[in-house]
Amino acid sequence: MERLVSSTDAVPTKLVLEHVSKWFRTSSLHVQALDDVTLRIADGEFVCLVGPSGCGKSTLLNLIAGLDRPDRGTVQGDGQTISGPGPHRLMMFQEAALFPWLTVLGNVLFGLKLVKGLRASECREKAEYFLELVGLKRFMHSNVHELSGGMRQRVALARSLAPNPSVLLMDEPFGALDALTREQLYGDIQRIWSQHRKTIVFVTHNVREAVCLGDRVILFSPNPGRIREEFSIPLPRPRDINSVDLARYSTEITRVLKSYVHSEVAG
Amino acid sequence: MIARWAVASLFFVCLIGIWQLVFNTQIWSPLLLPSPSSVMLYLWSAVEDGTLWEATLVTVRRLLLGYGLGILIGLPLGLLTASFRWSQDTIGVLALGLQTLPSVCWVPLALLWFGQTEAAMLFVVVMGTLWSLIIATDTGVRTIPPIYSRAARSMGSSGFHTWTHVKLPAALPFLLSGMKQGWAFAWRSLMAAEIYVTILTGFGLRHLLHYGRELNAMDQVIGVMLVIVLIGLAVDKTLFAPVERLLHRRWGTARQ
């Protein structure tokens, strides 16, 4: 049951970031979002990026998604430099980025229709399959606003999974949900991940969430965003966020996180 | 539903009742305030001799032509100003300025350029519709949450596909309210144009109204005004309302 993943050569490497730096310039501000970030993520690995807001986690996700380019360094997926967005790396956003003018089914079909060489009937089949997977097939003809926040994020999950990306990028996808709904979704995402073996990069500021989901938890510090430390989480799956073992890990990681956030503020 | 109809009907019956009562008191001369029945009588006779139909047809045709043309030009221009800074700074500013110009102000220019022709009429209606439509479209597209485009981009949508499948549908509620506003402006512009452009190619509703005044035929004046109001109402209820209801249902902004 135990699954210990480290980014060694045993598993093929999926994503490679080398010496990545990124600046943001506005008329009044010149901010370094990322500073010399180097990171390897193995195929099928579940990696959680944790840090306070402004530490560049979301920027990193955008770079991997190909929605943005690094100013320095390289970002590679499957050995190729990432030059733009593609159906192999799909992003799931914090707020429901579902399209209100489409039904639930229409939303899931949106990404599928952009996959080349997929017939309409196949699209429909896949969409229904993934809606079933997140338990919302019954609601496929509903309008988006008729769903609860948790259901919307499930639809968003189905939409991201449907085009069969090998990498799933999740930007605080459960941030806006209540605790109970979130716990349900932790279960769902672990189940789906173990069935479909995606590489998942998951951004959060919730340490417990990260420990619950990740094979590896990577700590970022802000101004500029840097990788500070990383932890392997060799706990068996599926994990329960309320378990004592999990709490031990998250306590330790939180302590480390606090220490450098405080030192940063003091210094 | 029936209750709502009943309330609405009752309201208008009361309104006509008050009108009749005021007429009965004879405070104003019947020349200035005709009775509801004499207005109805005028309308009936105008329907019977065909003048009302003809005038309505001429007016509505001009309106649809001008409005349609306005949308055809305004929509793409609005999308353009929303997409590029240079078009915002040029066409956008022009639209903003000309939008404040009341459409009657276009009439002298139209008369000098086109003379007493249908083209002059059309020109005024298009000018009355176009600018506010550009601005409504521009605002609509700008108000779209950027996350929609990002999500679409992440799924591999780009360029034309993003426009037709994300930006336009996302802006639909704004486009509709822009088109509604454009309709109101087109209506007003046409009424202004029909007073000043007296032409032989067609006798519109506003002409009917105008000659009602010249002949001191108050029943005709009020009757034609009623028709103008009713056409506006009918268009709103049959063209815009169903689309609006659909959008409200989809977006979840429906009023009960």
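Out of all the residues in the range A:138-147, is one or more in a loop (DSSP other than H, G, I, E, B), within 22 Å of the chain's Cα centre (by Cα) and either buried (at least 22 other Cβ atoms within 10 Å of the Cβ) or not aliphatic (A, V, I, L, M) (or both)? Outline the logic, then answer.
Taking the range A:138-147 as the starting set, the residues that turn out to be in a loop (DSSP other than H, G, I, E, B) are A:140-142, A:147.
Narrowing further to those that are within 22 Å of the chain's Cα centre (by Cα): none.
The answer is no, given that none of the residues of the range A:138-147 is in a loop (DSSP other than H, G, I, E, B), within 22 Å of the chain's Cα centre (by Cα) and either buried (at least 22 other Cβ atoms within 10 Å of the Cβ) or not aliphatic (A, V, I, L, M) (or both).
Would you pick out the residues in the range B:221-256 that are within 30 Å of A:Asn107 (Cβ to Cβ) and polar (S, T, N, Q)?
The answer is B:Thr253, B:Gln256.
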Task: Pair list, Cβ under 7 Å, 6 or more apart: the range B:144-163 residue facing chain A (nearest Cβ under 8 Å), other residue among the charged types (D, E, K, R) - done: B:Ile147/A:Glu95
Open item on the list: Here is a check on your reading of the model: is B:Ile147 buried (at least 16 other Cβ atoms within 10 Å of the Cβ) and of a type in the set (Val, Ile, Thr)?
Closed with: no
- [ ] Output the number of residues of the range A:103-136 satisfying the condition of being over 22 Å from the mean Cα position of the chain (by Cα) and without any contact (Cβ under 8 Å) to a residue 24 or more places away in the chain.
- [x] 13
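Kindly check whether there is at least one residue in the range A:106-115 that is among the polar types (S, T, N, Q) and within 13 Å of another protein chain (Cβ to nearest Cβ). Before you say what the answer is, go through the steps one by one.
Residues of the range A:106-115 that are among the polar types (S, T, N, Q), as a first pass: A:107.
Keeping just the survivors that are within 13 Å of another protein chain (Cβ to nearest Cβ) gives A:107.
Among the residues of the range A:106-115, at least one is among the polar types (S, T, N, Q) and within 13 Å of another protein chain (Cβ to nearest Cβ), which makes the answer yes.
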TODO: Mind checking which helices (runs of 4 or more DSSP H) fall wholly inside the range B:36-113 and carry at least 1 residues that are closer than 29 Å to B:Asp219 by Cα?
DONE: B:36-48, B:51-83
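To keep it simple, each residue is scored yes or no on (1) within 14 Å of chain A (Cβ to nearest Cβ); (2) modelled with pLDDT under 85; (3) assigned to a helix (DSSP H, G or I).
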residue: B:Ala186; (1), (2), (3): no, no, yes
residue: B:Ile195; (1), (2), (3): no, yes, yes
residue: B:Phe203; (1), (2), (3): no, yes, no
residue: B:Asn216; (1), (2), (3): no, yes, no
residue: B:Gly232; (1), (2), (3): no, no, yes
residue: B:Leu239; (1), (2), (3): no, no, yes
residue: B:Arg245; (1), (2), (3): yes, no, yes
residue: B:His248; (1), (2), (3): yes, no, yes
residue: B:Ala254; (1), (2), (3): yes, yes, no
Open item on the list: Looking at the structure I just gave you, is A:Lys116 outside any helix (DSSP H, G or I), among the basic types (Lys, Arg) and not assigned by TED's automatic domain parsing to the domain that holds A:Asp240?
Closed with: yes
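Check whether at least one residue in the range B:117-137 is over 22 Å from the mean Cα position of the chain (by Cα) and either farther than 30 Å from A:Leu169 by Cβ or within 14 Å of chain A (Cβ to nearest Cβ) (or both), and report yes or no.
Filtering the range B:117-137 for residues over 22 Å from the mean Cα position of the chain (by Cα) gives none.
The answer is no, given that none of the residues of the range B:117-137 is over 22 Å from the mean Cα position of the chain (by Cα) and either farther than 30 Å from A:Leu169 by Cβ or within 14 Å of chain A (Cβ to nearest Cβ) (or both).
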Open item on the list: So the check is Cβ under 6 Å with 6+ separation or different chains; which pairs have a first residue in the range B:34-58 that's surrounded by 13 or more Cβ atoms within 10 Å (Cβ to Cβ) and a second one that's of a type in the set (Gly, Ala, Ser)?
Closed with: B:Val39/B:Gly223; B:Tyr42/B:Gly223; B:Leu43/B:Gly223; B:Leu52/B:Ala46; B:Ala55/B:Gly204; B:Val58/B:Gly202; B:Val58/B:Gly204
Task: Tally, over the range A:159-184, of residues that are more than 13 Å from chain B (Cβ to nearest Cβ), buried (at least 19 other Cβ atoms within 10 Å of the Cβ) and in a helix (DSSP H, G or I) - done: 1
Task: Whichever residue in the range A:63-85 is free of Cβ contacts under 8 Å to residues at least 24 places away in the same chain and surrounded by 18 or more Cβ atoms within 10 Å (Cβ to Cβ) and, among such residues, is farthest from the other protein chains (Cβ to nearest Cβ) - done: A:Ile82
- [ ] State whether one or more residues within the range A:168-182 are in contact with a Gly (Cβ under 7 Å, 6 or more places away or on another chain) and farther than 30 Å from A:Leu257 by Cα.
- [x] no
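The values are calculated or read from the model by the stated rules, or taken from the named source; none is laboratory data. Model, not experiment: these values are computed from the prediction. Glycine gets a Cβ as well: all are built from the backbone with ideal geometry, and neighbour counts include every protein chain shown.
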